[in-house]
1. Can you list the strands (runs of 3 or more DSSP E) found entirely within the range 48-105 that contain at least 2 residues being modelled with pLDDT under 95 and either open to solvent by less than 50 Å² (accessible area, probe 1.4 Å) or closer than 30 Å to GLU38 by Cβ (or both)?
2. How many residues are among the polar types (S, T, N, Q), open to solvent by 50 Å² or more (accessible area, probe 1.4 Å) and in a helix (DSSP H, G or I) if we restrict to the range 7-47?
3. Using the structure shown, decide if SER73 is in contact with a Gly (Cβ under 7 Å, 6 or more places away or on another chain), closer than 18 Å to LEU119 by Cβ and not aliphatic (A, V, I, L, M).
4. Filter the range 6-31 down to residues that are in contact with a strand residue (DSSP E or B) (Cβ under 7 Å, 6 or more places away or on another chain) and not β-branched (Val, Ile, Thr), then give me how many there are.
5. When you scan the range 194-220, how many residues do you find that are open to solvent by less than 80 Å² (accessible area, probe 1.4 Å), farther than 15 Å from LYS128 by Cα and either under 16 Å from the mean Cα position of the chain (by Cα) or of a type in the set (S, T, N, Q) (or both)?
6. Failed condition for HIS126, given (1) within 25 Å of PHE16 (Cβ to Cβ); (2) in contact (Cβ under 8 Å) with a residue 40 or more places away in the chain; (3) not in a strand (DSSP E or B), with all others met?
7. THR209 passes all but one of (1) of a type in the set (Val, Ile, Thr); (2) in contact with a helix residue (DSSP H, G or I) (Cβ under 7 Å, 6 or more places away or on another chain); (3) outside any loop (DSSP other than H, G, I, E, B); (4) farther than 23 Å from ASN88 by Cβ; which number fails?
8. Check GLU4 against each of (1) part of a loop (DSSP other than H, G, I, E, B); (2) of a type in the set (D, E, K, R); (3) open to solvent by less than 50 Å² (accessible area, probe 1.4 Å) and name the one condition it does not meet.
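The values are calculated or read from the model by the stated rules, or taken from the named source; none is laboratory data. None of these values were measured; they are calculated from a predicted model. Quick reminder, even Gly has a Cβ in these numbers, built from the backbone with ideal geometry, and neighbours come from all protein chains shown. Just the protein is used for accessible areas: all its heavy atoms, side chains included, with ligands, DNA and RNA removed. Shrake-Rupley method; radii C 1.70, N 1.55, O 1.52, S 1.80 Å.
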Amino acid sequence: MKIEFFSAVKGVATAFPVLESKKNIPQWMYNARQAYSEQQDKRDLSISKCPGIVEILTKGFVVRAWHDIDVTSEDSGLSGKTPSEELNTLLGNPVIQIQSGEGIGKFLPRRPWSNKDILKINTPWHIKADCKFIMIPLPYTDSFEFESCTGILDPAVSSEINVQGYVNGRGSFTIKAGQPICQLIPLTDEAYEVEVRDMNDEDKNWIETRKYLNNSGFSMNKSLLRSAYNKFLQTFKATK
């Protein structure tokens, strides 16, 4: 099986590509491994040997912010700022959105210290794959200001990668370009190849088709989307 990530904005795949999780191991794990290597008695337990933690840290892929985002969290809600309005033009949509805690996020459970509003980061990334993915917050991270929501990403219904997340605490901080913002784990035991690249003409045709299908009715027609996506995959495979 092949999993492909393609960016609808040129340059992102070069500057801040989607990474395999094993290439984004947090520094504390390296420290733990170093401490274990220096232990005299190897029978002493080490967190670096915990199979559950090691596997979750190395499973799947890490999506990174593709531009800086200044975030301000107040009791009244969230506000955000990006370096340039040109980013919206490049993406063809707002690159960040604030989802009101009194609106779409009203019934969403959150930690007591999380802001009532949700920060949505829209990325130029799309997935081409024959499987679904689970999106989770970065596990065992040492950065807690932004924490992605958890959910299932089905490329046949929505191939684009948009990250909704909680903002924890109050005050201001910056999500820097290149900073990991979520982890994607493919829901398959099959072996797979990975490709991360810019959008090609076939991808562009799919995005335009999907945009039409998403706006052709008052509610999303998932069956129609899946059928079109599967045709897109099969057409692509036939050209290889």
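1. Counting at least 2 such residues, we get no strands (runs of 3 or more DSSP E) at all.
2. 5
3. yes
4. So the answer is 11.
5. Qualifying residue count, the range 194-220: 2.
6. With (1) within 25 Å of PHE16 (Cβ to Cβ); (2) in contact (Cβ under 8 Å) with a residue 40 or more places away in the chain; (3) not in a strand (DSSP E or B) applied to HIS126, the lone miss is (3).
7. Here THR209 meets the rest and fails (4).
8. (1) is the only condition that GLU4 fails.
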